[in-house]
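The structure appears below as structure tokens.
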Amino acid sequence: MTEAERLQIEGCELAELHDWKGALGSFQTALSLDPGKAVLHELKAQSLLELEQYPEALQSARSAAELSPNWTDAWLTLGRAARNAGHLREAVSSFSNAKELGEASTVAQEEMSEAQGLLQEELARQVGLPGLRIQEEPGAGHGPSGIVWQAGILLAAYLVRHMPPAHLRGRSLLELGSGTGLVGIVAACLGGHVHMTDTSEAISLLERNVKANSHLLKATGGSMSCGILDWQHPPSSAVQRTVDIVLGSDLVYNADAVPQIINVLRGLHFDGLLLSHKHRSNAVDQCMLSALSDCGCMLSVEAKGGGDGKSLSIFAFGSTVSGSS
């Protein structure tokens, strides 16, 4: 038996006696001797959780999951550490990973549902729309459409603050790349008649979120619908239409997406455009803005956000809030 193994056993015995500080000391010393052992990182994370040292527990749990990505317990512990540290989206993702591994799937599902509920409440507070319920499904075959992105949160919150029902009531809106439906649902809750679109892979989650939030429309008279829209081969019925405002958030990840979006926009007749965009590359930004300008959309910056206050921007064109072109 190595010294690291002896310390691991010692730590587990101390943990059974609820001596979490002692157990933590044993696991830390063992890790100094064997830093690549996932189980030691996971045991350390459990001890830190019991001691309510949540940021430290999160770091240790991440190490365990990274070292042993096919170990269910590592993902469960990471989910709990992330939840307690306030990283709810990471918690949902971690519990989802644990569930997919098959072992303890019932426990993983229960804890994932709890974390999803907390995340929904937090999102409603961030946006400023009580009662909003947006379900996310990371890693469920939806690709990037299965989760809420910061650009979407920024645009949804912008709508709540700057486009009250008096501005949106009765107006028609088309959302591109709706994903979970956050932005479009918020616009409908503010009185707009919104048609949300995304790929066939994303539509089932989008439809569920539309249904889950339909009760919020009664006060303002808005409406919601959703449908499939392939940017590369958009059907004429989808693009040869007239709408008041086109919405989009985080549509452009790279320059390859720009011609596809322009292809859709050229077929539409619209008065206003609101885009929330994450700045990933100056070259991509310039490509997007130049292409939009070439098709007649001269964008102005309406708001900025993100962790640094500038990594996200909301661009506007034409008749949006003010009603002037």
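Bear in mind these aren't lab numbers, they're just calculated from the coordinates by the rules spelled out. Note that the structure is a prediction, hence the values are computed from the model and not measured. Cβ coordinates were reconstructed from backbone atoms using ideal geometry, including for glycine residues, and neighbour counts include every protein chain displayed.
Some observations on this one:
- Leading residue at positive end of dipole, the range 201-320 (Cβ point charges), from 279, 314, 264: 314
- Along the chain, longest interval not containing exposed trypsin sites (Lys or Arg not before Pro), exposed being DSSP loop plus at most 10 other Cβ atoms within 10 Å: 1-217
- Dipole check for the chain: with +1 at the C-beta of Lys and Arg, -1 at the C-beta of Asp and Glu, and the Cα centre as origin, the magnitude is about 1520 Debye.
- Debye intensity ratio in log₁₀ form over the Cα atoms of the range 114-261, taken at each q of 0.15, 0.17, 0.19, 0.20 Å⁻¹: -0.71, -0.93, -1.16, -1.29
- GNM result for the chain, Cα springs below 10 Å: residue of 45, 151, 219 fluctuating most strongly: 219
- Rounded, prolate or oblate (a/c below 1.5 giving rounded, otherwise prolate when a/b exceeds b/c) for the range 167-325 by Cα gyration tensor: rounded
- With contacts taken as Cα pairs under 8 Å at a separation of at least 6 residues, the range 143-318 carries a relative contact order of 21 percent.
- Stokes-Einstein diffusion for the range 137-211, with the hydrodynamic radius set to the Kirkwood value over Cα pairs and evaluated at 10 °C in a medium of 1.306 mPa s, equals 127 µm²/s.
- Calculated FRET efficiency, residue 294 to residue 51, Cβ-Cβ distance, R0 = 51 Å: about 0.30 to the nearest 0.05.
- Share of pairwise Cα separations in the range 33-159, more than 24 Å, in percent: 31
- Whole-number percent relative contact order across the chain, with pairs defined as alpha carbons under 8 Å at least 6 apart: 10
- Simple label model, 7 Å out from Cα along Cβ direction - residue 304 to residue 18, nm: 5.3
- Taken along the Cα-to-beta-carbon direction at a fixed 7 Å, the label points for residue 105 and residue 230 span 3.2 nm.
- Degrees separating the helix 38-50 axis from the principal Cα axis of the chain, which is the longest one: 80
- Summed over all non-identical Cα pairs, the Kirkwood treatment of the chain gives a radius of 21.7 Å.
- Lysine pair count for the chain with Cα-Cα distance under 21 Å and sequence separation of 8 or more or different chains is 4.
- Extreme residue, positive dipole direction of the range 143-318, given options 229, 299, 192 (C-beta unit charges): 192
- Projecting the Cα atoms of 64, 149, 79 onto the charge dipole of the range 51-172 (Cβ charges, centred on the Cα centre) puts 149 farthest toward the positive pole.
- Relative to the longest principal axis of the Cα atoms of the chain, the long axis of helix 20-33 makes an angle of roughly 90 degrees.
- For the range 3-125, the relative contact order is 16 percent, taking Cα pairs closer than 8 Å that sit 6 or more residues apart in sequence and dividing their mean separation by the residue count.
- On Cα atoms only, tilt of 257-266 relative to the major axis of the chain in degrees: 30
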